[in-house]
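Written below as C-alpha cells is the structure these notes are about.
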Amino acid sequence: MVKLSAKTDTQHEYEQQRLHALNETGILDSPPEQEFDAVTDALAKAINVPICLVSIVDEKRQWFKSRKGLDVCETDRDISFCTHALNESSDLLVVNDALSDPRFKDGPLVLGPPHIRAYAGKVLRSADKYPLGTLCVIDTKTRVFTDNELALISLFAELVEQRIFLRQHRLKGDRWLSYLDDVYSDDPMSFSAFKRRLEQGIQSDQIKSIIVGSIDLPKIKTVARNFGQDVANECLAEIKRRLTMTLATKEHLIARCDVNKYVFAVISDASKHNLFRLSEDIEENIGTRIQTGSSTVFTPIKIGLTSSEMNQCDDKILDDLVENSRIALDLIVENEPGVHFSLFTDKMRPLHERMSHIVNKLPNALQRDLIQVHYQPKVRLDDYRIVGAEALIRWFDDKIGYISPLEILDAASSLELTKKLDMYVIEKVAAQYHRWLEKQIEAPKLSLNITETTLLAPQTVEQVASILGQYEERMILEFEILEDSFLEDCDFVIKRMEALARLGIHFSLDDFGTGYSSLAQLTKIPIKTLKIDKSFIRNMIGDVRQSVLAHHIIQVGHSQGLEVVAEGVETYIEQVVLKSFGCDVVQGYYFAKPLPHHELEALLLKNDGYVCPNEEKN
C-alpha cells in the first residue's frame, strides 16, 4: 500500500494522550447512530458533495463513525487526509486540488477510489481538547470551498463534538453534565416539551397571558477556546441555575433551545410594567461574573423579551412569541460584559430582516473586496499636526444602502468570521501604508481595532507576520484593543501582545474607563497609548463629574508614561478643554470625519500635514 509520508510526519504531538482521550469516548467501533448520520446526510446535501464522513483517527487506522457516499468503513491511517488535519493549527484542513498538493497527489485515495480531488475537514476534539478526528466533506472534482461552506462545516462539527462530549461523560458517570441532554432529547427541559406544556396550559384555560424570553451567551465559544469545554458548560449551567432562582416565585418554564441559548416563559401579566420589572429582577440576580473552579469568567448575556395575551392557542402563536424574543435578542449589538435587554416591538421586524441580509451578504462582500477602509485623522494638540489615523470599515450595499461598522462586526461574529474580517483590514491597511511610502509620503501611524477573538486565536502572530513580511519597509501600525480582552486570561493576552510587538506592532487600550481595567493592570500590559472613550467627551461639557473623570484618565495615562488620545471630539470647546487637561492627541469630526485613503493623502500633503482648528466649526 502506498503511503503519503513517514509515520512520524502524521503523528500528533501528544499522540499517547490523544489516544487515551479517544479511548475514553467509547466511540471506536460503536454501532451507527442516527444523530451522527443525520449530520453527514444534511451536510452533504447542503454543500453538494458526494461524500461526507465523521472520521475517527485511531493508532493505525481512520474509522468512520458515520459515512455518506462511501462504502468502506475504515482505511489505513497513514494514507488519510484526516490524519494531516489533526496537526493543523487552525483545526481546519482545506485542499481544493488534491492532484496539485504534494502531500496527497500520489496517494491511493487520490489515484484510486474514491478519487478525492477536493477535501475540507474540521477537527473534532474531546472534552479535554485532544483531536479525535474530523467531520469532513469530499468531492471527486476540484473546487474552491466558499467561506459560507467552511462556516457550515464548522457549525456541524460543533454538533458532532457535543454528541461525542455527551457520550464521554455518560461513560464517566458525570451527573452534573446530564443537563446537556436538553439540547437533543424530549425530556421536560427540551424545547418540544416546553412548547407542549405551554400549549396544554393555554388550551386548559390556565394561561391567560405570558412573557417569553430568549437568553444568549454570545462569547461562550471564546470561553470554550480559552478555558475548555467543561468550563463553558459550567457557565451555561450556572446561568440556568441563577435564572431558575430568579423565577422561583413565579410560574415558569425554562428550556435549552441551542448550544448556547435558553428560552423561558413566565406565566404572568403581560404588561410593559411587568416586563420592565422582570428584566430588572433578572439583571439584578443573573450577573456576568462566573467562578468555575480556579477560573473566573466574565461574559456578556443578551436577553430578548416579548409578551402576549393568550386568547387562543396554536403552534403559530407560540412560535411567533419565541421568534419575536429571538429577534429582540439578535438586534442587541452590545458584546461587552453585562446583561443587555431588548423588548420586542413590531418595528424590529424590518431591522431583523436588514440584519439577516447583512449576515447573508457579508462572506461575499469580503470575497469581492466590497468592504472599504476609511481613515480618521488623529491630531496632536501641541501643534495641530496629523500624527495618526484610525482605520474604520465602511460598506455600501446596493439593496439596503450604508451598513455601519457595528452591524458588520455583529454579522461577522454570528458567522464566526471575526478573525477573517480583522485580517482583511490588516491587509488593507498594510498595503495602503506601503503605497504611501512608495510615493515618499510621510505616513502617520495607522491604527485599527482588533477583536478579542483575533487576539486570542491560534496563528494570529504568524498571519500578521506573513502580511507584514510582504513589504520591505518597517511599518508603524497600532492595534487598538478593548479593556475586556484582559478579563479572562490576562497573562496569555500579554504574551500574545509581546509576540506581536516583536513584529513592530504598537498597542492602544481603547475605550478606557468603560470596562474593568485597573491602575495595577495598566502597569502590566504592554501598551503605548490610552484612548478615552467618546462617552466621556460627549458629556464632559456641562457635567462636572464627567469632566473630572476625563481629566483623571489623562493624568493616569501620563503617570504610566502613556500617550493619551481622546476620540469623539466634535466641538471647538471640547478640544480646548482637552488641551487644557494635557491631552496629547484628539480624533473626531471637529477636525475630520473618516476619509477615503485619497482624501487623507491630500490632507497629509496639504500644509505638510498640519490642520487648523477653526472656532466656526463648533
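A count restricted to the stretch 81-100 and to residues that are in a loop (DSSP other than H, G, I, E, B) and either among the β-branched types (V, I, T) or more than 30 Å from L456 (Cα to Cα) (or both) stands at 1.
The set of residues from the stretch 190-229 being modelled with pLDDT of 80 or more, over 15 Å from I301 (Cβ atoms) and buried (at least 18 other Cβ atoms within 10 Å of the Cβ) comprises I210, I211, V212. No other residue among E74, E88, E59 is without any contact (Cβ under 8 Å) to a residue 60 or more places away in the chain and under 27 Å from the mean Cα position of the chain (by Cα) apart from E88. Is the stretch 49-56 home to any residue that is in a strand (DSSP E or B), within 30 Å of the chain's Cα centre (by Cα) and more than 29 Å from A457 (Cα to Cα)? Among the residues of the stretch 49-56, at least one is in a strand (DSSP E or B), within 30 Å of the chain's Cα centre (by Cα) and more than 29 Å from A457 (Cα to Cα), which makes the answer yes. Applying the criterion of being out of contact with any helix residue (DSSP H, G or I) (no Cβ under 6 Å at 6 or more places or on another chain) and not in a loop (DSSP other than H, G, I, E, B) to the residues of the stretch 19-36, the residue that is surrounded by the fewest Cβ atoms within 10 Å (Cβ to Cβ) is Q34. If we scan the stretch 404-420, do we find a residue that is within 23 Å of the chain's Cα centre (by Cα), over 26 Å from R354 (Cα atoms) and buried (at least 19 other Cβ atoms within 10 Å of the Cβ)? No, the stretch 404-420 has no match at all.
Of all the numbered requirements in (1) of a type in the set (F, W, Y); (2) more than 15 Å from R380 (Cα to Cα); (3) not in a strand (DSSP E or B), Y590 misses one, and that requirement is (2).
Would you confirm whether any residue within the stretch 455-467 is in contact (Cβ under 8 Å) with a residue 12 or more places away in the chain, open to solvent by 60 Å² or more (accessible area, probe 1.4 Å), of a type in the set (S, T, N, Q) and over 27 Å from I332 (Cβ atoms)? Yes - at least one qualifying residue is present in the stretch 455-467.
A count restricted to the stretch 87-101 and to residues that are surrounded by 17 or more Cβ atoms within 10 Å (Cβ to Cβ) and within 15 Å of E149 (Cα to Cα) stands at 4.
Here A255 clears all of (1) open to solvent by 40 Å² or more (accessible area, probe 1.4 Å); (2) modelled with pLDDT of 80 or more except the condition numbered (1).
Which residues, taken from the stretch 319-337, are of a type outside the set (K, R), at pLDDT 80 or above and surrounded by 16 or more Cβ atoms within 10 Å (Cβ to Cβ)? Step through it out loud before you land on a result.
As a first pass, look at the stretch 319-337 and keep what is of a type outside the set (K, R): 319-325, 327-337.
If we keep only those that are at pLDDT 80 or above too, we end up with 319-325, 327-332.
Within the stretch 319-337, L321, V322, E323, N324, S325, I327, A328, L329, D330, L331, I332 qualify.
Would a scan of the stretch 96-109 turn up a residue that is of a type in the set (A, V, I, L, M, F, W, C) and within 14 Å of C52 (Cα to Cα)? The answer is no; no qualifying residue exists.
Only residues that are modelled with pLDDT of 90 or more and either under 15 Å from I164 (Cβ atoms) or of a type outside the set (A, V, I, L, M, F, W, C) (or both) were counted across the stretch 30-57, and they come to 8. Whether any residue in the stretch 114-123 is basic (K, R), free of Cβ contacts under 8 Å to residues at least 40 places away in the same chain, assigned to a loop (DSSP other than H, G, I, E, B) and open to solvent by 10 Å² or more (accessible area, probe 1.4 Å) is what I want to check. Yes, the conditions are met somewhere in the stretch 114-123. Among the candidates L180, L166, the residue that is modelled with pLDDT under 70, more than 23 Å from the chain's Cα centre (by Cα) and open to solvent by less than 40 Å² (accessible area, probe 1.4 Å) is uniquely L166.
Restricting attention to the stretch 525-563 and to residues that are out of contact with any His (no Cβ under 9 Å at 6 or more places or on another chain), part of a loop (DSSP other than H, G, I, E, B) and surrounded by 15 or more Cβ atoms within 10 Å (Cβ to Cβ), the residue that is modelled with the lowest pLDDT turns out to be D533.
Where strands (runs of 3 or more DSSP E) sit wholly within the stretch 370-484, those with at least 2 residues that are of a type in the set (D, E, K, R) and under 16 Å from I505 (Cβ atoms) occupy 477-482.
The values are calculated or read from the model by the stated rules, or taken from the named source; none is laboratory data. Please read all numbers here as calculations on a predicted model, not as lab measurements. Virtual Cβ from ideal backbone geometry, glycine too; neighbours counted across all protein chains shown. For the accessible areas, the whole protein counts, side chains as well, though only heavy atoms, and no ligand, DNA or RNA atoms are used. Shrake-Rupley method; radii C 1.70, N 1.55, O 1.52, S 1.80 Å.
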